[in-house]
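Asker: The structure follows.
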Amino acid sequence: MKTLSMIAQKGGTGKTTLSIHLAVQASLDSLKVLLVDIDPQASATAWWRRRREAEPALVQSRGKKLEQVLKAAADQDYDLVVIDTAPHSSHESSASAHLSDQVCIPTRPAILDLDAIGASTELVSDIGVAAMIILNSCPPPHLFGEPHIVSEARQALSVYGLPVCDVAISQRAALGHALIDGRAVTEFERKGKAAREIDRLWRLLKEELGL
Ligand SMILES: Nc1ncnc2c1ncn2[C@@H]1O[C@H](COP(=O)(O)OP(=O)(O)O)[C@@H](O)[C@H]1O
Ligand SMILES: [Mg+2]
């Protein structure tokens, strides 16, 4: 079993959106997936309650319980656990990172978000867990490749010494719309551009995780 945490000390960077989409994508890829919601705001849980499909499974967990939840998941032969964490909670993010094989740190490519990422990169670097920054809510790529703001963000992020994921996720309404009735974008608009980006991101992480 592999564990992936979505961590960012800043709110609104896409932790819940990406956790949900990766968990769904992995279960569509025939893996047994558990989404663990440790954010007291419980947005992933609210999405899951609107959902008709049984998979991925979801549990809420806080504090010390997380270790037990992961142990139970391993006993139940889950292939992948995705942990959606809360912003502004370095203690819980740190506990989650400690228990993970891979941490993803989503950030928007805007300067205020890039400035704020230091707290999260420091946290994972101190722990020494494999980590990757994911650019989210980016302007979509154009014919000639990535928009300037995305390549500039990659450059600015290089000071943190963590890899920046090759797949950048664009700002697309479908990623929000799909969640309204408990779906993910692949189930909502299977051949759309957002679904393709999520699929590419999942494939890349699947390889990182050795799944
Ligand atoms: N790539 C994206 N395209 C469009 N909307 C997005 C994207 N990523 C996040 N959002 C929207 O931004 C808001 C914050 O995202 P969310 O996943 O809740 O962030 P976090 O969990 O980090 O606080 C939500 O309204 C979500 O629908
Ligand atoms: Mg969230």
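Any read-out appearing in this document is the output of simple, stated calculations on the displayed coordinates, not a laboratory observation. From a predicted model like this one, the values you see are computed outputs, not experimental measurements. All Cβ positions, even for glycine, are placed from backbone atoms using ideal geometry, and neighbour counts span all protein chains on display.
Asker: Mean-square fluctuation check for the chain, GNM, Cα pairs under 10 Å: which of VAL82, VAL103, VAL59 is largest?
Answerer: Most flexible of the set in this elastic network: VAL59.
Asker: Output ³J(HN,Hα) for region 124-137: one whole-Hz value per residue in order, computed from phi by the Karplus curve 6.51 cos²θ - 1.76 cosθ + 1.60 with θ = phi - 60°, and x for Gly and Pro.
Answerer: So the J values, rounded to whole Hz, are 6, 5, 4, 7, x, 7, 4, 9, 8, 8, 10, 6, 10, 6.
Asker: Now for a separate question. Averaging sequence separations of C-alpha pairs under 8 Å and six or more residues apart, then dividing by the length of region 1-125, give the relative contact order as a whole percent.
Answerer: That works out to 44 percent.
Asker: Then there is this: Order of ARG190, ARG200 from fewest to most other C-beta atoms within 10 Å?
Answerer: In increasing order of surrounding Cβ atoms, one gets ARG190, ARG200.
Asker: Percent relative contact order of the chain, based on C-alpha pairs within less than 8 angstrom and at least six residues apart?
Answerer: Answer for the chain is 25 percent.
Asker: Only four residue types carry charge here, +1 at the Cβ of Lys and Arg and -1 at the Cβ of Asp and Glu. Report the dipole size of the chain about the Cα centre in Debye, rounded to the nearest 20.
Answerer: Dipole magnitude for the chain comes out near 540 debye.
Asker: Percent antiparallel among DSSP beta bridges with both residues in the chain, to the nearest 5?
Answerer: 5
Asker: For the chain, with a Gaussian network of springs between Cα atoms less than 10 Å apart, report the residue from GLU53, GLU189, GLU92 with the top mean-square fluctuation.
Answerer: GLU53
Asker: Give a residue-ordered list of calculated ³J(HN,Hα) values for region 22-31 (Karplus: 6.51 cos²θ - 1.76 cosθ + 1.60, θ = phi - 60°; whole Hz; x for Gly, Pro).
Answerer: Along region 22-31, the couplings run 5, 5, 5, 4, 5, 6, 5, 8, 6, 8 Hz.
Asker: Moving to a separate point now. Which percent of Cα pairs goes in each bin when the distances of the chain are cut into 10 angstrom slices starting at zero?
Answerer: 9, 38, 39, 14, 1
Asker: Oh, and also: Over the Cα atoms of region 96-169, how large are the radius of gyration and the largest Cα-Cα distance (Dmax), in Å?
Answerer: 12.5, 41
Asker: Which ordering of ARG62, ARG49 is given by a fewest-first count of other beta-carbon atoms within 10 Å?
Answerer: Fewest-to-most ranking of ARG62, ARG49: ARG49, ARG62.
Asker: So which aspartates and glutamates can LYS64 reach, going by Cα to Cα under 13 Å and dropping same-chain residues fewer than 8 places off?
Answerer: The qualifying aspartates and glutamates are GLU92.
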